[in-house]
Amino acid sequence: MKGFKSRFKPFWKLVGFNRQERSGIFFLLLLIVLLQVGYVLMDSFYQPNGPTIFSENIRLQTGIDALKEKAEMEDAPKMYPFNPNFITDHKGYVLGMSISEIDRLHEFRAQHKFVNTPEDFQKVTQISDSLLMVITPFFKFPDWTKKARRVPVETSDSKFLEKPLVSEKRPPKNFPLHDLNAVTANELRAISGIGEVLSKRIVKFRNRLGGFLVEEQLYDVYGLPPEVTKKVLRKYKVFNAPEVTKININTATVAQIASITYIRFDLAEEIVRYREANGPFSNLNELLNIDRFPAEKISRIALYLSL
């Protein structure tokens, strides 16, 4: 037995480790084992409270997708209200109309006829119900199709231009009316529905125009309800309209056209581009061929233009 023990000596005696070195090795191995056991226990019991890397990636991807969708919406062509009587080939293509549908509209217009309702438009073009539902919200017919009391002016190829109402130069006798071009903001505030903001806005709009030419221009004051406008016009009329130097639409520059209160600078540029591409305007109704032209206000715009 003694020979067996001497034959199989411990490893550390064979390599010549002393007692202190053997203790150090033992504690090192014990520390490694304890660290491994601790890591396994922590991994099995630890439940993170915050978002994991996977959930963070999902949130990041969701944000990226939202930005892409927003960019696609911004890049998509914007739709503005338009008069469907003057749809060009390009406009019809953008709207999703077929060539035959566009041609039917152009043939109908060649007869100097106009569509006045979405139903008329579908009857003429024969577009599908689904397409009609998509584009109908952007149809913008002129006021004369809704108000029969206005008298259209006959022209060589159209009846769109409305006859401006002519204001009396002096109030009728024994009728308590006052001049709309002379009323003050304080006097306007006496009317129910008009406060400090609206009264100043009316006067400011009148100053921009240089004075009202017709009573209908009061309806163009931003934020003034139609029912309140009617109250004003029961008491105030245009008796002293200002003298206006009309702008020749066939020779005017962009800046001159844009000086008209109703016409923005970008629209004035479109008018000049249209004139350069198609030649001089033969009548003011041709302005309705221009995209985004405010057809419902052409009768007021015509007060400031000439050919």
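The values are calculated or read from the model by the stated rules, or taken from the named source; none is laboratory data. Keep in mind the model is a prediction, meaning the values are calculated, not measured. So basically every Cβ, Gly included, is an ideal-geometry build from the backbone, and we count neighbours across all protein chains shown. Heavy atoms of the whole protein, side chains included, go into the accessibility calculation; ligands, DNA and RNA do not. Shrake-Rupley method; radii C 1.70, N 1.55, O 1.52, S 1.80 Å.
Here are some notes:
- The trypsin sites (Lys or Arg not before Pro) of the range 248-307 meeting both criteria, a DSSP state outside H, G, I, E and B (loop) and at most 16 other C-beta atoms within 10 angstrom of the site's C-beta, are R264, R292.
- Interchain or long-range residues, amide H under 5 Å from S306's placed H: I247, N248, I249
- By a 1.4 Å probe calculation restricted to protein chains, D266 has an accessible surface near 60 Å², given to the nearest 10.
- Residue-normalised accessible area of the range 185-307, given per residue in Å² at a 1.4 Å probe: 49
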